[in-house]
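Participant: My questions all concern the structure below.
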Amino acid sequence: MGLFDSLRRDKKAESAITNEVVEPAEEQPEELVESPDEEVVDETAGEEQEALEDDLAVVQPIKSYADKKPVDHVVGMTKIIAIINQKGGVGKSTTAINLSAALGEQGKQVLLVDLDPQGNATSGLGVEKGQLNACIYDVLLNDVPIQDAIIPDVCPGLDLVPATINLAGAEVELVSEMARENRLKDAVGTMRGKYDYIFIDCPPSLGLLTVNALVGADKLIIPIQTEFYALEGVTKLLESMKRVKTRLNPSLDIFGILLTMYDGRTTLSRQVAAEVRNYFGSQVFETIIPRTVKLSEAPSYGMPITQYDPSGKGAAAYSELAKEVVNRG
Ligand SMILES: Nc1ncnc2c1ncn2[C@@H]1O[C@H](COP(=O)(O)OP(=O)(O)O)[C@@H](O)[C@H]1O
Ligand SMILES: [Mg+2]
């Protein structure tokens, strides 16, 4: 019996005492060598292998940045845009996914950074969180280079930095870190020149993650749901923007206000849209995102609306918005 066998045995005995689970992968080779019923073991292994192959057929292995398709055009100035509103459920993630995908389809190179611990942009693009080696949390707190967290080509022209629930801890853990407001800026800044647009899907709060987005972004897109409390909280958001602008990011500005979940049949939707236009003037995008069931269904199929329902009004609206974004320069 070799030295390693006795070591393995010791390890097994030790884990029996501590009730540790012995990983089957460690155990198996030993049994394959020693067991007299080699064939029986082999058969099971074969079945397991088949089951594993079946699994792999369903879940695609996650690609890394090194596998990225070559970019087919010269990337000019990268625009970093945070999609932000501390109110939940106003259409931030829906806009992050569908605007990014529409721009990608129109030939732009786009990176979407999911900065919400809920990871809606990640799952909405069909990325299995359980399979990830790294997410934005590791970039912000574990010094993982952002390239190592990028999943390339989740859709044509669109790469993703995913978020997992690990990110929920970041809000607290960042507090004691050096340069805590600049973490995202430093990471995303290294990608300037590689993408036409970098979008940041923000969490529904004004905590340190959102401050990181305000510091890291050049401009903001603020989605506003056309409902009764539409402008509630917007003043507070604008105050946060001004504070960050004065102290940390002088060029920060609004890129556009986006009216979402618009239902033209209701007087309320029309009134709110008019009120928002009155308040923000030409900062409001011409394009209005209509309320449509297809937009709420698409994420559960892991697809942007341009793939899930290409001929519907949701896809039309986000394609139109993409053109408006390009025209705004
Ligand atoms: N235009 C729309 N029409 C119908 N449902 C929408 C629309 N935009 C968003 N939703 C749905 O509303 C909910 C909140 O949208 P979401 O984009 O996740 O908001 P946020 O990221 O601001 O919290 C989601 O269930 C989403 O599918
Ligand atoms: Mg969201």
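Participant: Failed condition for Gly126, given (1) more than 17 Å from Gly256 (Cα to Cα); (2) within 11 Å of ligand 1 (Cβ to nearest atom), with all others met?
Facilitator: Failed condition: (2).
Participant: May I ask you to list the residues in the range 195-243 that are touching a Cys at 6+ places or on another chain (Cβ under 6 Å) and not hydroxyl-bearing (Ser, Thr, Tyr)?
Facilitator: If the condition is that a residue be touching a Cys at 6+ places or on another chain (Cβ under 6 Å) and not hydroxyl-bearing (Ser, Thr, Tyr), then Ala213 is the only one that fits.
Participant: Check every one of the helices (runs of 4 or more DSSP H) wholly within the range 195-314 and list those with 2 or more residues that are more than 11 Å from ligand 1 (Cβ to nearest atom) and either buried (at least 20 other Cβ atoms within 10 Å of the Cβ) or at pLDDT 95 or above (or both).
Facilitator: Hits in the range 195-314: 208-216, 234-247, 267-280, 305-308.
Participant: Now, a different point. Test Asn85 against the stated conditions and say whether it is farther than 19 Å from Lys185 by Cβ, in contact (Cβ under 8 Å) with a residue 24 or more places away in the chain and surrounded by fewer than 22 Cβ atoms within 10 Å (Cβ to Cβ).
Facilitator: no
Participant: Further question on the same structure: Restricting to the range 78-110, name every residue that is hydrophobic (A, V, I, L, M, F, W, C), closer than 14 Å to Pro156 by Cβ and more than 16 Å from ligand 2 (Cβ to nearest atom).
Facilitator: Answer for the range 78-110, where residues must be hydrophobic (A, V, I, L, M, F, W, C), closer than 14 Å to Pro156 by Cβ and more than 16 Å from ligand 2 (Cβ to nearest atom): Ala102, Leu103, Val110.
Participant: Is there any pair linking a residue in the range 275-295 that is within 10 Å of Leu259 (Cβ to Cβ) to one that is within 16 Å of ligand 2 (Cβ to nearest atom) and not in a helix (DSSP H, G or I), with Cβ under 7 Å and at least six apart or on different chains, and which?
Facilitator: Val276/Ile224; Phe285/Leu258; Ile289/Gly91; Ile289/Leu258; Ile289/Thr260; Ile289/Met261
Participant: Restricting attention to the range 103-147, report how many residues are modelled with pLDDT of 95 or more, of a type in the set (S, T, N, Q), in a helix (DSSP H, G or I) and surrounded by fewer than 23 Cβ atoms within 10 Å (Cβ to Cβ).
Facilitator: 3
The values are calculated or read from the model by the stated rules, or taken from the named source; none is laboratory data. Note that the structure is a prediction, hence the values are computed from the model and not measured. All Cβ positions, even for glycine, are placed from backbone atoms using ideal geometry, and neighbour counts span all protein chains on display.
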